Amino acid sequence: KNDLIRQELANPGDPMRGPVLLKDPVVGATPAQQAQIRMYGKIADLALHEGHMSDKGRVATQGALRKGASLAAKTERARARAAGKPYKGVAAHGPDTTWTGLAKSPFWLDMDAMINSSLGGQARNYPLGYRPTRFIYEGDL
């Protein structure tokens, strides 16, 4: 199975559609952080299958969308704190706004800030308009 996944990653066929490879940050990741990356991939796949992804593929997140996403995360942190279950890390969009085009995430993840930042930055490895078919953690290959 992993050989087929590696082949799919190496030869996606359509340069604007295919899998998204999730990697550890450059500095590496602890086992707990790796678990967060895996969970992000599972949540992103769920969002994909439930139809939460942007119909335009990956979108830019500047301007109003960025402001809206930041406000949604702030609101989610406040909601969790008021419910007595504050986030230990950051309230991370699951999946990132760049994939959904939504300021308010379909799912929220309690994520290490470095991992959240790394995964958000990795999205820039894919052009605007790219349509993910699934999310794969490199550590599982």
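The values are calculated or read from the model by the stated rules, or taken from the named source; none is laboratory data. Predicted, not measured: the structure shown is a model, and the values here were computed from it. Every residue, glycine as well, gets a Cβ built from its backbone with ideal geometry; the counts of neighbours run over all protein chains shown. The protein model used for the area step is the full one, side chains on, heavy atoms only, and it has no ligands, DNA or RNA in it. Shrake-Rupley method; radii C 1.70, N 1.55, O 1.52, S 1.80 Å.
Observations on the structure shown:
- Filter pass, Arg38 being basic (Lys, Arg) and either in contact (Cβ under 8 Å) with a residue 24 or more places away in the chain or out of contact with any strand residue (DSSP E or B) (no Cβ under 8 Å at 6 or more places or on another chain) (or both): yes
- Which numbered condition Ser118 fails, given (1) part of a helix (DSSP H, G or I); (2) farther than 19 Å from Leu22 by Cα: (2)
- Listed by position, the helices (runs of 4 or more DSSP H) contained in region 1-108 that have at least 3 residues being at pLDDT 95 or above, among the polar types (S, T, N, Q) and open to solvent by 20 Å² or more (accessible area, probe 1.4 Å) are 31-49.
- Filtering region 123-138 to residues that are assigned to a helix (DSSP H, G or I) and open to solvent by 20 Å² or more (accessible area, probe 1.4 Å) leaves Arg124, Asn125, Glu138.
- Some residue of region 74-85 being under 17 Å from Asp110 (Cα atoms) and within 15 Å of the chain's Cα centre (by Cα): no
- Members of region 69-91 found to be in contact with a helix residue (DSSP H, G or I) (Cβ under 8 Å, 6 or more places away or on another chain) and farther than 18 Å from Ser117 by Cβ, listed by number: Pro86
- Selected residue [out of contact with any Cys (no Cβ under 9 Å at 6 or more places or on another chain) and more than 21 Å from Pro15 (Cα to Cα)] from Lys67, Lys56: Lys67
- Among residues of region 20-35 that are closer than 22 Å to Arg131 by Cα and among the hydrophobic types (A, V, I, L, M, F, W, C), those with a beta-carbon under 7 Å from a residue that is open to solvent by 30 Å² or more (accessible area, probe 1.4 Å) and assigned to a loop (DSSP other than H, G, I, E, B) at least six positions away or on a different chain give the pairs Val20/Tyr126.
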